[in-house]
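Here, each number is a calculation from the coordinates, and none is a lab measurement. All figures in this text were calculated on a predicted structure; none of them were measured in a lab. Methodologically, a virtual Cβ is constructed for each residue, glycine included, from the backbone with ideal geometry; neighbour enumeration extends over all protein chains shown.
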Amino acid sequence: MGIEATLFAHTVRSRTQSNGSMNKIADFNAYPDPHGRFGNYGGSYVAETLMAPLAELTEAYLRLREDPAFIAELDRDLKHYVGRPSPIYHAERLSRHVGGARILLKREDLNHTGAHKINNTVGQALVARHMGKPRIIAETGAGQHGVASATVAARLGLKCVVYMGAVDIERQQINVYRMKLLGAEVVPVTSGSKTLKDALNEAMRDWVTNVADTFYIIGTVAGPHPYPMMVRDFNAIVGREARAQMLEEYGRLPDVLTACVGGGSNAIGLFHAFLNDASVRIVGAEAAGEGIATGHHAASLAAGRPGVLHGNRTYVLCDDNGQITETHSISAGLDYPGVGPEHAFLKDAGRAQYVGVTDDEAMEAFHLLARQEGILAALESSHAVAQAIKLAREMSKDQIVLCNLSGRGDKDVHTIAAREGVLI
Amino acid sequence: MSRIDRRFAELKTAGRTGLIPFVTAGDPLPEHVVALMHALVDAGADVIELGVPFSDPMADGPVIQHASERAIAKGVGLGDVLQAVADFRVHDARTPVVLMGYLNPVETYGYARFAQTAVQAGVDGVLLVDCPLEEAAVLQPLRDAGLQQIMLAAPTTAPARMAELCEAAEGFLYYVSFAGITGATHLNTGDIAVRVADIRAHAKAPVAVGFGIRDAASARAIAGFADAVVIGSALVDRLAGATDAADMAERARVFLAPIRAALDAH
């Protein structure tokens with residue numbers, strides 16, 4: 001395969017010229033700036049105590065990502081431990097059923113631990129080891145990032161503490177047990193709405209208290225600088241592989257990319273290598289829950305406003321007093337009231353579009369993919385599949401939609417059964 | 001001269017250490033914020049830090065988190081906090097008031113609108129916990145309106161950066177006594193003394209020490225080398241559950257009296 005060994009997004013330079021309509025942004029790889037800003041978004045909105053550890057992390061990471069030995073180490077782990085590269089798969093029956101463009105799936109569900117999350121945790125755990133930090137902490141919503149963190153901690157012999165909202169612990173029991181099997185301690189978070197955002201607050205509080213020996217592995221492209229950049233870089237392997245696979249197997253780039261967006265790590269992972277390819281349209285699928293009009297959703301970009309949450313400026317869901325509001329999605333992994341700052345930037349720049357997909361639409365796509373292709377997608381990824389179907393239906397047969405199948409649905413079987421009134 | 005600067009000048013002349021109590025606006029009794037502020041002054045407060053409730057207080061421990069949650073549940077927002085300060089000013093034109101909180105409520109309210117309303121209400125300074133020096137450009141409208149920016153300094157702050165903070169300090173510089181969240185208890189006064197002495201020698205503003213001060217003994221230990229002490233979680237904890245304004249004022253008085261005495265005995 002024609003995939004470069006070079007791992008990091010900033011080294012990828014597309015030859016495609018950007019067209020004038022893209023608000024004059026000549027090179028999307030030039031972001032973030034040295035302060036971690038993506039245009040008006042990003043930055044480091046944290047208390048003074050964390051400024052020094054963030055600076056230390058930024059310095060270590062910027063050094064490591066240029067270090068050939070580190071890159072080789074990461075490459076080896078991605079190939080032999082994660083199982084990369086993941087294929088792009090032509091979902092022929094599904095495409096025929098929909099009756100429009102060809103739908104291709106980037107199979108991140110085939111990775112070790114079952115989702116794209118491992119791309120990031122493998123990378124950050126190596127950074128932690130290089131920085132000499134023996135203790136890892138992480139936040140988790142659905143539990144996928146918690147499992148991926150516990151996994152790499154076990155492999156490197158690091159202590160691992162995972163913060164998880166008490167509500168999420170209740171609805172994701174299997175992942176809680178998986179983390180425990182991997183040797184991690186799972187700490188229930190009972191503050192605020194007792195979900196992902198509160199788990200992130202609590203992990204940040206742990207970090208500020210134990211900063212000398214602790215490395216915080218944030219699971220998405222949010223948080224203060226350098227996290228949105230670092231997590232993107234580690235996930236950008238998805239898009240780099242996919243772009244090379246497209247050229248090799250189809251001799252062309254896709255017409256449209258789509259991926260689900262909660263915090264947005266799998267989406268930015270797929271999108272990033274294509275940002276300078278002006279011919280490729282980019283559509284992110286946010287969780288519209290019970291419908292954006294009902295207020296029960298998690299569509300920060302489609303229905304939120306610029307604000308500051310968890311260390312960065314981005315689009316957030318909040319009320320008129322600036323209080324972050326509780327979100328709803330059938331998929332715990334999309335149930336987040338903020339979004340990575342780079343997505344906010346891409347939205348404002350007009351480079352990517354973000355649309356809502358409801359719980360019902362995601363469920364319908366889940367079943368369709370199961371029956372047409374024999375693939376149980378994660379509920380998060382089912383939002384992307386639903387969006388791919390919507391897009392493909394309006395396109396011609398010679399066009400291509402590339403959809404990130406970011407995770408597999410084994411973890412969701414109980415949720416789906418309960419929703420459909422089935423006792424298992 | 002601002003109210004904050006004047007108050008610290010008075011303290012210096014009198015040779016006293018300042019007492020800065022923190023309370024979360026709207027907790028425990030949203031209808032009695034103003035009464036609580038007056039009670040704090042009666043109990044010996046030199047400056048009042050009034051917490052603006054926020055749903056995601058990342059730098060706060062459980063006591064202030066829960067106070068925030070209770071205030072939000074009762075509908076207290078930034079507009080109410082500003083109104084409380086305006087009402088407080090009807091009877092108290094001298095005690096400086098600093099609003100402490102997080103950026104998103106101010107961002108949502110609008111920086112320019114906030115600056116104007118806060119100055120009109122009689123707010124003197126703002127301490128926005130999640131807005132470090134690097135991001136402080138967004139606060140320019142607040143500075144233009146005359147609100148002083150209270151900055152944090154921490155044990156982790158590197159020397160070069162500390163020099164910048166000392167240079168930028170307005171009102172007072174708030175030194176966070178340990179790396180952690182509010183309400184924790186591991187106070188090591190020896191380490192703090194050395195650091196604070198160094199900061200006081202360089203900062204353009206007086207230095208207040210906060211985090212971990214919870215009673216007369218810990219306040220007395222800090223009084224030896226700081227211009228003021230901030231006391232928050234322990235007070236908020238004591239006030240929680242107050243049944244009416246009189247009960248709340250009495251709790252504040254009983255809690256702060258020995259601390260005031262300890263600071264003055266120094």
Legend entry - Residue list for segment A:243-282, given a label point 7 angstrom along the Cα-to-Cβ vector of A:Gln399 and an amide N cut-off under 15 Å: A:253-258, A:279-282
Legend entry - Qualifying trypsin sites (Lys or Arg not before Pro) in segment B:3-44, DSSP loop, other Cβ atoms within 10 Å at most 10: none
Inset, instruction - State the Cα centre-to-centre distance between segment A:320-367 and segment B:208-256 in whole Å. - result: 42 Å
Inset, instruction - Within the set of other residues whose C-beta is less than 14 Å from the C-beta of A:His367, count the net charge using Lys and Arg as +1 and Asp and Glu as -1. - result: -4
Legend entry - B:Ala246-A:Ala154 FRET efficiency (beta carbon distance; Förster radius 56 Å; 0.05 resolution): 0.45
Legend entry - Burial ranking of peptide ranges B:132-142, A:63-73, B:232-242 (average Cβ count within 10 Å, highest at the top): B:232-242, B:132-142, A:63-73
Inset, instruction - Estimate the FRET efficiency between A:Ala166 and A:Ile424 by the formula 1/(1 + (r/R0)^6), using the beta-carbon distance for r and 22 Å for R0, to the nearest 0.05. - result: 0.40
Inset, instruction - Using a cut-off of 14 Å between beta-carbons, work out the net charge of the residues near A:Asn312 (Lys and Arg +1, Asp and Glu -1, A:Asn312 not included). - result: -3
Legend entry - A:Asn29-B:Glu31 FRET efficiency (beta carbon distance; Förster radius 51 Å; 0.05 resolution): 0.40
Inset, instruction - Round to a whole angstrom and tell me the spacing of the C-alpha centers of segment B:142-159 and segment A:100-169. - result: 36 Å
Legend entry - Peptide B:175-183, shielding by other chains (average Cβ, 10 Å cutoff): 4
Legend entry - segment B:114-266 shape via C-alpha gyration tensor axes, a/c threshold 1.5: oblate
Inset, instruction - Enter the Cα centre distance for the pair segment B:179-199 and segment A:221-279, rounded to the nearest angstrom. - result: 45 Å
Legend entry - Virtual spin-label span in nm between A:His328 and A:Tyr81, 7 Å along Cα→Cβ: 4.0 nm
Inset, instruction - Mark the label point 7 Å from the Cα of A:Asp67 along Cα→Cβ and return the residues of segment A:133-154 whose backbone N is within less than 16 Å of it. - result: A:133-134
Inset, instruction - Could you list B:Thr95, B:Thr13, A:Thr190 in order of exposure, starting from the residue whose Cβ has the fewest other Cβ atoms within 10 Å? - result: B:Thr13, A:Thr190, B:Thr95
Legend entry - In nm, spacing of pseudo-spin labels at B:Ala93 and B:Asp198 (7 Å Cα→C-beta vector): 4.4 nm
